Amino acid sequence: MAVRDDDNNVIYANFGTRKRVTSPEEAKVERVDHSGSVLNTAATRIASMFSRAAESGRLSRGRQYARDGHVVDLDIRNGAIHGKVAGSQNQPFEVLFYLPYRDAEDLGKVYDVMARTANSMRNVREGMFNEELFDLLFAETISDVRLSCSCPDPETYCKHVLAVADRLSARIDADPTVMFAMRGIEMHNLERAVIEAAQEASRDFLGTSKALSQEERNALFWDGREFSEVPRPKTAPALEDSDMDLLRKALRAVSTTNIDLLRGVSDIEDLYDYLTR
């Protein structure tokens, strides 16, 4: 155990002793750079879109702005992303991303793509979006996204736009369902729509749908589709789902004292642990 300092009574086993500083340099906090961290596929592609389009100096300053907390608001809306970035003026600069328009038919393609992809719901919750799905939800290219910022910089990819893009990527990495929120799609509605689309896909497979040609039906008959993975339920001790009050009630009839009762419960738990180890 660490030795106790003379000027206080705190044990510094886990924290270390207090350090007196005499200059601002000593008190400076080092920030951790997470720019090299691995993002999910959707977040990575968005970050890559902006980094390829932006000038390197502005890109670096935009990322630094994001890391320093200058993005004071990020609002995800249907078809748009609204951000506010604190800059050199009293009021934050307004940043807007307008996504390309998607009609009901386009959104129907989202459900169809997911219905025909094995494990699609699990994949998107883990941030795994294939190219077709990403293009429908966000954009095929960055030029399809209209960008604006209220700052005086005439460059489209100013540091404020890039700071918002950095935070958007981080938000999607933390919560991949944001990709659907950008199109006004709620997850419970998505699941229902995917199930309905999957039922239609199964009718295609059985040949009851007229949407497929005879050649496509033959291909489905012989090759089929990729199977979903077998569910992997979490294992949990049966004792956790048992009514321990009933167990104690049963043991009370053969126990002389409460100590015997508790010892009997403990022995049963030990036996169960040994048998299921």
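Note on Ser150 and Leu275: the model spin-label points, each 7 Å out from Cα along the C-beta direction, lie 6.9 nm apart.
What ranking of Phe97, Phe180 emerges when the number of other C-beta atoms within 10 Å of each C-beta is taken as an exposure proxy, fewest first?
Sorted ascending by nearby Cβ count, the order is Phe180, Phe97.
Each residue of region 182-191 was assigned a 3J(HN,Hα) from its phi angle through the Karplus expression (A = 6.51, B = -1.76, C = 1.60, θ = phi - 60°), giving 5, 10, x, 9, 8, 5, 5, 6, 4, 4 Hz with x at Gly and Pro. Ranking of Leu275, Leu137, Leu96 by neighbouring Cβ atoms within 10 Å, starting from the fewest: Leu275, Leu96, Leu137. Listed from fewest to most Cβ neighbours within 10 Å, the set Tyr157, Tyr101 follows the order Tyr101, Tyr157. Available extension along the chain between Asp243 and Asn90 is 48.9 nm, counting 0.36 nm per residue and deducting the alpha carbon span.
The simple spin-label model puts a point 7 Å past each Cα toward its Cβ; for Asp175 and Asp260 those points are separated by 5.7 nm.
Bear in mind these aren't lab numbers, they're just calculated from the coordinates by the rules spelled out. Remember, it's a predicted structure, so these values are computed and weren't measured experimentally. Quick reminder, even Gly has a Cβ in these numbers, built from the backbone with ideal geometry, and neighbours come from all protein chains shown.
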